[in-house]
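Structure record follows, encoded as structure tokens.
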Amino acid sequence: MSQIEELQGRITAALDRISQGLEGMSADGADADEMDALRQQLEDEQTANAQLEERLKRMKEKLDAAEAAAEAAVQEHRDGLAKLDGDLQSLRRANAQLRDNNKALREAIEAGVAEPHLINKAMLSELEGLRAARAADRAETEAVMAELGRIAKAAAASSEDA
């Protein structure tokens, strides 16, 4: 971008010098053919300058679009990670509860007291742990799929630009 801006500045300075030269030549009574040639050069430079400005504008638009897409992808990635973290926390809580229930069940069996509510509680904890593990797996899969989608979009955009 800085090269284009530098070239634009150089072209503008050259146009100013040409304009000043034309004014000076008019006052000196310069040759009409030479004046026409200089005017044509001035017009050519102005056209080139306008083309460069339009190209710069398009490049800035592309850059803005790319930055917006990157920010959206980053936010989507953050959202996916936050969901995955929540599911993992749920899994940890369910596993801790399962360990506590299994410990109480073992103690009851060692004491010779078979308490059905402890068995039910252990089974419910195990089910909750399985559900949490499934949710964590699903969140992880969604995060991977989102990343693959982002990569595929980037590859498609690269091939379109090429």
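The values are calculated or read from the model by the stated rules, or taken from the named source; none is laboratory data. The shown structure was predicted, so the numbers you read here are calculated from the model rather than taken from an experiment. Here Cβ is always computed from backbone atoms with ideal geometry, including for glycine, and neighbour counts include all displayed protein chains.
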Pairs only if they're at least six apart or on different chains, beta carbon under 8 angstrom, first in segment 92-121 and touching a residue at least 24 places away in the same chain (Cβ under 8 Å) and within 17 Å of Ala132 (Cα to Cα), second surrounded by 13 or more Cβ atoms within 10 Å (Cβ to Cβ) and of a type in the set (Lys, Arg); list them, first residue then second.
Ala94/Arg131; Asn101/Lys121
Would you confirm whether or not segment 115-125 contains a residue that is out of contact with any Asp or Glu (no Cβ under 8 Å at 6 or more places or on another chain), in a helix (DSSP H, G or I), within 18 Å of Glu76 (Cα to Cα) and among the β-branched types (Val, Ile, Thr)?
no
Of all residues making up segment 123-152, the number that are within 30 Å of Ala65 (Cα to Cα), surrounded by fewer than 15 Cβ atoms within 10 Å (Cβ to Cβ) and without any contact (Cβ under 8 Å) to a residue 60 or more places away in the chain
7
Within segment 76-84, identify whether any single residue is in a helix (DSSP H, G or I), more than 29 Å from the chain's Cα centre (by Cα) and among the hydrophobic types (A, V, I, L, M, F, W, C), and answer yes or no.
no
Taking the condition part of a helix (DSSP H, G or I), at pLDDT below 85, within 21 Å of Ile11 (Cβ to Cβ) and touching a helix residue (DSSP H, G or I) at 6+ places or on another chain (Cβ under 7 Å), does Leu88 pass?
no
